[in-house]
Each structure stands twice: as C-alpha cells, then as structure tokens.
Amino acid sequence: MKISFHGAAQTVTGSKHLIETKKGFKVLLDCGMFQGKGIDTDPLNRHFGFNPAQIDMVLLSHAHIDHSGLLPRLCAEGFEGKIYATQGTLDLCKLMLYDSAHIQQADISRLNKRRADKGMSAIEPLYDEKDVQKCLTLFETVEYNIATPLSDELQFQFTDTGHILGSAAISLFVKENNKSFTITYTADIGRPGDKILPSPKTFPPSEYIICESTYGDRLHDKRSDAEQKLLQVVNETCIVKKGRLIIPAFSVDRTQEVLYALDRLHEKKMLPPINVFVDSPLSVRSTEVMQNNAHYFNEEIQQYMKDTDGKPFMFSNVFYITDASDSKKLNDLKEPCIILSASGMAEAGRVKHHIKYAIEDARNTILLAGYCTPESLGGRLRNGASNVRIHGDEYKVNALVERMDSYSAHADYAEMIAYLKTQEIENIKSIFLVHGELDVMRYFKSELIKNGFKCPIHLPEAHQSVELH
C-alpha cells in the first residue's frame with residue numbers, strides 16, 4: 001500500500017492524497033484546488049502529479065473548493081470512475097463547482113486582458129461548465145457509517161466530522177498480503193459544540209491516520225463569546241462610527257453561522273435596526289440548501305427553529321442579493337450596513353469589490369471570520385498590511401480589520417487532539433499531518449507528542465510517497 005501526497009502537503013488548500021494498492025488499484029482522497037497562492041496558484045492547479053485517467057475512484061470528504069474544486073479538471077483529463085460522497089456534499093457541489101467555473105472564467109478574462117497588454121498569449125480556464133456537468137454525472141452518494149466495497153482489497157466508510165453540511169472523515173478498510181488494517185483521512189475536522197451541525201463523530205479504529213492541521217498552533221475564542229463579540233463590532237462600526245461592516249465569509253457554513261447569530265440577536269431585540277445584505281449568488285443558494293437539509297442540524301438549532309419561525313437564516317432586515325447590478329448599488333449606499341459576501345479569503349468574488357470601496361474609510365470595519373492563507377487578500381489584511389493591491393490597484397488600509405476565530409469551522413489543536421484521542425492511541429502506527437502551514441504542523445506535532453502520541457508523526461512534502469507495511 002502506498003500513499004502519495006499531491007496537495008495540501010506542508011500548505012493549506014489543494015487536498016489530494018492518492019492511495020495505491022499492491023494490485024495497482026488507485027483511489028484519490030479529495031481533488032482540491034489550490035487557493036490564495038498568488039502567481040503560483042494557476043500552475044499548481046494545472047499539474048496533478050499523476051495521470052487522472054489512471055485513477056479508479058475518488059472519495060470526496062466535503063464540498064469546499066480546496067477539497068473538490070479540481071474534480072471537473074480531473075474528468076476533463078480522462079478520469080471516468082465513480083466519485084463517492086454524501087448527499088449533502090453532492091447537493092453543495094452542484095452549486096460550488098459551477099460557481100468555481102464561473103469565477104475562473106471571469107478571472108481568466110481579466111488576466112488575459114493584462115497578458116494581451118504585455119504581448120503575451122491568452123490562457124484557458126482550468127475547466128468550464130461542460131466539464132462540471134460531466135463531473136456531476138459520476139457522483140454516487142453514500143450515507144454515513146455504511147461500509148461500501150471498492151475492490152476485493154478495499155472498503156470505505158464515511159463518518160460525520162461536523163465541518164460543513166455533508167462533511168466526512170474517510171476510513172479505508174484494507175486487506176493486503178493477508179493483513180487487514182485501516183487508514184483514516186480526517187479531512188477537515190469540525191468543532192464540538194458547533195451552533196448548527198453536530199459535533200464530530202468517532203471514526204473506526206485506525207492504524208494509519210492522515211490528519212488535517214489548519215489550526216494546529218492556536219486555540220479558538222470561546223464560542224459563548226462569539227455572539228457578544230459580533231454585536232460589539234456591529235455597534236462600534238454601524239452605530240458609533242456610522243460605517244459599514246464587511247464580512248468576507250465562505251458561502252457554506254460560515255455565512256449561515258453568522259446569519260444564525262444575527263437572527264438570534266434580532267430575536268432578542270438586540271440587533272440594531274440596520275440592513276444586512278448577503279451578497280453572493282452562491283451564498284444565497286447554499287443557504288437554501290442548508291435550510292432544505294435541516295434534518296442534519298444539531299438538536300439546539302432544531303429546537304430554536306421550532307420555537308421561532310423555522311427560518312434561522314432569515315429575519316426582517318436581511319436581504320439576499322444575486323443580481324450583479326444590485327450588488328454594485330451596495331457600494332453607493334450612504335447609510336451603515338452589514339455586507340456578508342464571498343469568498344472567505346477575500347481572494348475572489350464580489351467581496352473584493354466591497355473591500356475595495358470600504359478599505360480607505362476609517363469608519364468601516366472588515367471582519368475576518370475564518371482561515372485565510374497568508375498570501376490571500378484576507379491573509380494580508382489579517383497580518384496587518386498597511387497597503388494592499390486589489391484588482392491591480394494599490395489601496396491604503398484605513399478601515400479597521402477585526403478577526404473572529406470563534407466562527408471557524410476548523411477545530412483548534414486542543415479540539416483536534418481530543419478528536420484523535422477517541423482512538424486507542426497505542427495502536428496507531430503512523431500519523432501524517434496535512435492541510436497546514438509547515439510551522440503550524442511542527443507545533444501541532446509537538447503537542448501530539450506531549451499528549452502521548454508515540455507513533456511516528458510525518459509532515460509529508462508535495463508529491464512525496466510513503467509505503468505502508
């Protein structure tokens with residue numbers, strides 16, 4: 001058995017981990033897009049490090065683009081096998097992959113104009129809507145906790161990780177050379193006590209674990225403080241300074257979690273009478289998908305829905321924007337308001353325009369409510385940049401930049417360690433840390449060792465292969 005790490009290796013985004021059996025059966029765990037890598041992003045996404053036509057199956061952990069976003073390109077380059085996912089993941093992929101194709105087309109169009117000015121040839125997007133359409137026909141849905149055969153050597157099972165709707169850890173049950181063992185890929189681990197989704201569930205006993213490490217060096221703010229902190233930022237920005245609050249938010253989960261907090265504040269009559277705009281077609285459709293899959297929500301929000309109007313993402317002064325012309329009009333508003341817009345890293349989509357119009361005005365606030373790669377616009381703002389470049393122009397950062405890690409959908413290092421400790425840790429033979437920056441992974445490794453994990457802990461490099469014995 002061999003594992004090759006073709007993405008999210010000593011970096012965040014681009015998750016792609018290839019499992020190959022002795023008989024040559026090849027299973028790809030996720031097929032994610034690299035994001036927020038500046039000029040290196042496009043080349044990274046054009047070269048897999050393996051032949052897509054030789055992949056037999058894909059097991060998809062969840063719909064976030066850094067885990068699913070290169071599936072259409074995989075298909076365009078010859079992959080014809082099945083893509084296994086939960087129903088929730090498929091429902092979201094139907095939205096997110098088309099949205100990704102649309103964003104690429106717009107970004108490539110702008111890039112090609114600049115290339116033409118420099119006398120350079122045009123480049124093609126990674127994929128188009130036809131590739132997405134073909135890709136979606138290959139999906140087959142599987143529910144949580146059901147062992148499903150892939151070959152005479154392999155079975156797999158999804159276990160709910162509570163990260164986003166439909167997210168799953170993937171356990172592979174291997175029979176090879178008269179030996180049986182289990183490999184689990186945690187993918188992105190959600191947080192216990194999430195306001196919308198259930199806490200992560202225990203995965204099957206595993207000898208080998210491929211574990212994410214996004215927040216492997218930090219502890220999140222307490223969730224109990226999040227609602228009050230959000231209200232404080234709203235009041236200081238929109239009431240005291242008469243400014244606008246821009247919240248770059250991932251369309252899935254983060255947008256709904258912020259909306260749920262605002263809904264609760266509105267229900268308690270604590271939210272000031274200002275308009276809230278959800279400005280992203282994907283966020284609007286994703287919110288509909290979430291509402292339609294409320295049976296996957298945790299007991300707390302389901303009870304809240306019974307006690308109120310049943311719509312935790314809708315209140316009297318929230319407005320959902322899909323039309324581009326209506327989006328542009330938001331930048332002409334004079335009155336204070338809240339704008340939630342994608343993407344969460346502020347690296348693409350409408351939120352870049354809203355930041356551009358807000359960033360030089362000290363009355364305004366940009367609230368970063370989730371992970372941003374260091375190279376992304378959100379990451380540069382998070383790290384205190386005094387000037388940033390947006391759409392080719394330089395802007396001075398006069399707006400206040402705030403951060404709220406309590407809204408993260410990723411577990412912090414203490415939560416990840418607690419998740420891994422549901423295993424019999426003395427039976428774990430190896431842990432492979434992925435989906436984290438190198439210095440963060442090193443810190444997380446040291447914390448694992450402090451907490452009794454005595455097995456080898458690896459930090460694989462890009463395209464590195466490891467044999468399991």
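The values are calculated or read from the model by the stated rules, or taken from the named source; none is laboratory data. Bear in mind that the values here come from a model prediction, so they are computed numbers and not experimental data. Neighbour counts run over all protein chains shown; Cβ positions are idealised from the backbone, glycine included.
So, in segment 22-36, how many residues would count as being within 22 Å of Asp128 (Cβ to Cβ) and either in contact with a Leu (Cβ under 7 Å, 6 or more places away or on another chain) or among the hydroxyl-bearing types (Ser, Thr, Tyr) (or both)?
6
Take segment 335-382 and flag every residue that is surrounded by 22 or more Cβ atoms within 10 Å (Cβ to Cβ), outside any strand (DSSP E or B) and of a type in the set (Ser, Thr, Tyr).
Ser343, Tyr371, Thr373, Ser376
Based on what the data block shows, is Asp253 buried (at least 16 other Cβ atoms within 10 Å of the Cβ), of a type in the set (Asp, Glu) and not assigned by TED's automatic domain parsing to the domain that holds Arg350?
No, not satisfied.
Among residues belonging to segment 110-139 that are assigned to a helix (DSSP H, G or I) and aliphatic (A, V, I, L, M), point out the one that is nearest to Gly349 (Cα to Cα). Reasoning before the result, please.
We begin by selecting, within segment 110-139, every residue assigned to a helix (DSSP H, G or I); these are 110-117, 129-136.
Applying the additional criterion that residues be aliphatic (A, V, I, L, M) yields 111, 116, 132, 136.
Values: Leu111: 15, Ala116: 23, Val132: 19, Leu136: 23 Å.
If we take residues in segment 110-139 being assigned to a helix (DSSP H, G or I) and aliphatic (A, V, I, L, M), then Leu111 is nearest to Gly349 (Cα to Cα).
How many residues are β-branched (Val, Ile, Thr) and assigned to a loop (DSSP other than H, G, I, E, B) when one looks only at segment 283-334?
2
Need pairs with beta-carbon distance below 7 Å; first residue within 27 Å of Leu165 (Cα to Cα) and in contact (Cβ under 8 Å) with a residue 40 or more places away in the chain and within segment 96-116, second outside any helix (DSSP H, G or I) and not β-branched (Val, Ile, Thr); sequence gap 6+ or separate chains.
Partner pairs satisfying both residue conditions: Met96/Ala63; Ser100/Gly69; Ile103/Ala348; Ile103/Gly349.
Which residues, counting only those in segment 259-282, are part of a loop (DSSP other than H, G, I, E, B) and in contact (Cβ under 8 Å) with a residue 40 or more places away in the chain? Walk me through how you get there before you give the answer.
Filtering segment 259-282 down to residues part of a loop (DSSP other than H, G, I, E, B) leaves 268-274, 280.
Selection gives Leu271, Pro273, Ile274, Ser280.
Name every residue in segment 401-419 that is surrounded by 17 or more Cβ atoms within 10 Å (Cβ to Cβ) and within 17 Å of Pro198 (Cα to Cα), in order of residue number.
The answer is Ser406, Tyr407, Ser408, Ala409, His410, Ala411, Asp412, Glu415, Met416, Tyr419.
Here are some conditions: (1) under 27 Å from Pro149 (Cβ atoms); (2) under 23 Å from the mean Cα position of the chain (by Cα); (3) buried (at least 22 other Cβ atoms within 10 Å of the Cβ). Thr13 meets all but one. Which one does it not meet?
(1)
Identify, by number, the condition in (1) in contact with an Asp or Glu (Cβ under 8 Å, 6 or more places away or on another chain); (2) under 25 Å from Gly193 (Cα atoms) that Lys269 doesn't meet.
Condition not satisfied by Lys269: (1).
Specify which of the listed residues (Ile417, Ile390, Ile425, Ile359) is more than 21 Å from Asp253 (Cβ to Cβ), hydrophobic (A, V, I, L, M, F, W, C), in contact with a helix residue (DSSP H, G or I) (Cβ under 6 Å, 6 or more places away or on another chain) and in contact (Cβ under 8 Å) with a residue 24 or more places away in the chain.
When all the criteria are applied, what remains is Ile390.
Output the strands (runs of 3 or more DSSP E) that fall wholly within segment 177-250 and possess 1 or more residues being touching a residue at least 60 places away in the same chain (Cβ under 8 Å) and among the charged types (D, E, K, R), or say none.
Fully inside segment 177-250 and qualifying: 208-212, 244-248.
Restrict the check to segment 126-137 and report whether at least one residue is in contact with a Lys or Arg (Cβ under 9 Å, 6 or more places away or on another chain) and surrounded by fewer than 18 Cβ atoms within 10 Å (Cβ to Cβ).
Checked segment 126-137: at least one residue is in contact with a Lys or Arg (Cβ under 9 Å, 6 or more places away or on another chain) and surrounded by fewer than 18 Cβ atoms within 10 Å (Cβ to Cβ).
If we only count helices (runs of 4 or more DSSP H) wholly inside segment 1-109, which ones have 1 or more residues that are in the same structural domain as Arg442 (by TED's automatic domain parsing) and in contact with an Asp or Glu (Cβ under 6 Å, 6 or more places away or on another chain)?
65-68, 71-76
Residues being among the β-branched types (Val, Ile, Thr) and outside any strand (DSSP E or B): count how many of those fall in segment 414-469.
Result for segment 414-469: 6.
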